[in-house]
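The values are calculated or read from the model by the stated rules, or taken from the named source; none is laboratory data. Since we're looking at a predicted model, the values are computed, not measured. Note: ideal-geometry Cβ built from the backbone for every residue, glycine included; neighbour counts use all protein chains shown. Protein only, heavy atoms only, side chains kept; ligands, DNA and RNA dropped before computing areas. Shrake-Rupley method; radii C 1.70, N 1.55, O 1.52, S 1.80 Å.
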Amino acid sequence: MHLYQQNRDDLLIRLRRIEGQVRGIQKMLEDDRYCVDILAQISSIKAALGKVELSLIESHTRGCVADAIRTDQGDEKIEELMQVLKAHLK
């Protein structure tokens, strides 16, 4: 079981809300809304996705990485985590 399953419902709710925001941006474009308003919505979506991402990284660290460290297999999981962080910090 992945640790994020404890927060799965919350994550799904957040993702559905983000999905709705994306649809809202599509409608804004169709309706020729003001660019600044569209950019504000995009910023909001990016922040919301960042919260989902951080939650998943925390779950991975507290679950998979911590378990690997307890069983002396931590180096591999830490390296994996570092690669994920490097990719997301670009």
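Nearest 10 degrees, 0 to 90: what angle lies between the long axis of helix 8-30 and the longest principal axis of the chain (Cα atoms)?
30 degrees
Of the labelled options [x] 18, 51, 26, 5, 0; [y] 16, 37, 23, 12, 7, 4, 1; [z] 15, 34, 27, 16, 7, 1, which one gives P(r) over Cα pairs in 10 Å bins from 0, in percent as computed for this structure?
[z]
Starting from the residue with the highest accessible area, list LEU56, LEU11, LEU39 in decreasing order, probe 1.4 Å.
These residues rank, largest area first, as LEU39, LEU56, LEU11.
Lys/Arg Cβ at +1, Asp/Glu Cβ at -1, dipole of the chain taken about the Cα centre: which of ALA47, MET82, ASN7 is farthest positive-ward?
It is ALA47, whose Cα lies furthest towards the positive end.
Can you list the lysines whose alpha carbon is less than 30 Å from that of LYS86, not counting same-chain residues fewer than 8 positions off?
The reachable lysines, counting only those whose Cα sits under 30 Å from LYS86, are LYS46, LYS51, LYS77.
Pairing the Cα long axis of helix 35-60 with the longest principal axis of the chain, what angle in degrees results, from 0 to 90 and rounded to the nearest 10?
That helix lies at roughly 10 degrees to the long axis.
With every protein chain kept in place and ligands, DNA and RNA left out, what is the accessible area per residue of the chain? Probe 1.4 Å, answer in Å².
With the other protein chains kept in place, the chain gives 79 Å² per residue.
Helix 74-88 against the longest principal axis of the chain: what's the angle in degrees, Cα atoms only, rounded to the nearest 10?
Between helix and principal axis, roughly 20 degrees.
Per the helix-only calculation at 222 nm, which mean residue ellipticity applies to the chain, given -39500 (n - 2.57) for every DSSP H run of n ≥ 4 and division by its residues, nearest 500 deg cm²/dmol?
After summing the helix terms and dividing by residue count, I get -26000 deg cm²/dmol.
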